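Heads up, the thing below is written out as structure tokens.
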Amino acid sequence: MGSATLATSSWFCVLAVLAVLGDAFLPFLPSGTLVILAVLKTDRIAGAPLYLAAAVALSSFLGDVLLLALARRGAPFLRRRLAKRPQLAASVRRMGQSLEGRTSRTAAVVVIVARFVPGGRTVLDLAIGHSPAPSHRFLRWSAVAALIWAGYIVTLGWLNSHWFNTAWLSMLVSCAAATAISAAVARLVHRHRRLAAAAADAA
């Protein structure tokens, strides 16, 4: 691999890692797509998927830590954002309420599942940040969730890069699969929420 190609691949990896860090604050960033693209750009470099997965996991965890710390301190831009977006504020309140009284195992499932729901990571970080409960348990499960998501998205790109001969087809199939999985998880979460609300009303 030439030096120019290696430099280009490195820039794709840096961009992907920064997007993963930033999508805790800006969930519309296409971080998963950029990670898959970075995988496809580095698939000929020995050990690249492992290094990329480790960097993505670390970046994802650091994004949680930063957003949580800012929420704990009541950062003005976060207050303004919640004030201007009542739907987001309502989601944060619901998430905080859903975490109250949860066992450690159930809370772990919530933290991990939130990684696969569009915008779920942001809502969860803000809910924990505005909660009076200590955050050390959340950070532990956040690290686990970051590892799981990083392994999943990198593996998805890596598998498709070996199943298909063309990069554009690998990219298309990987992004379509990631979108479908996220949508399926989101539907399951909404269904569970509706069933829980119906059970509470019936009681």
In segment 48-60, the residues that are surrounded by fewer than 21 Cβ atoms within 10 Å (Cβ to Cβ) and not aliphatic (A, V, I, L, M): Pro49, Tyr51
Subset of segment 103-123 [free of Cβ contacts under 8 Å to residues at least 40 places away in the same chain and hydrophobic (A, V, I, L, M, F, W, C)]: Ala107, Ala108, Val109, Val110, Val111, Ile112, Ala114, Val123
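Restricting attention to segment 61-72, does a residue exist that is of a type in the set (Phe, Trp, Tyr), free of Cβ contacts under 8 Å to residues at least 12 places away in the same chain and part of a helix (DSSP H, G or I)?
no
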Checking Pro49 against (1) within 21 Å of Val111 (Cα to Cα); (2) assigned to a helix (DSSP H, G or I); (3) at pLDDT below 90, the condition it does not meet: (1)
Condition broken by Pro27, with the remaining ones in (1) within 20 Å of Ala143 (Cα to Cα); (2) over 16 Å from the mean Cα position of the chain (by Cα) satisfied: (2)
Failed item, numbered, when Pro134 is tested on (1) open to solvent by less than 20 Å² (accessible area, probe 1.4 Å); (2) more than 21 Å from Phe28 (Cβ to Cβ); (3) over 13 Å from the mean Cα position of the chain (by Cα); (4) not β-branched (Val, Ile, Thr): (1)
Residue selected from segment 75-128 under the condition polar (S, T, N, Q) and surrounded by 13 or more Cβ atoms within 10 Å (Cβ to Cβ), by the criterion modelled with the lowest pLDDT: Ser98
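The values are calculated or read from the model by the stated rules, or taken from the named source; none is laboratory data. In this text, all values refer to a predicted model and were calculated from it rather than measured experimentally. Note that we place each Cβ from the backbone using ideal geometry, even for glycine, and neighbour counts take in every protein chain shown. Only protein heavy atoms, including side chains, enter the accessible area calculation; ligands, DNA and RNA are left aside. Shrake-Rupley method; radii C 1.70, N 1.55, O 1.52, S 1.80 Å.
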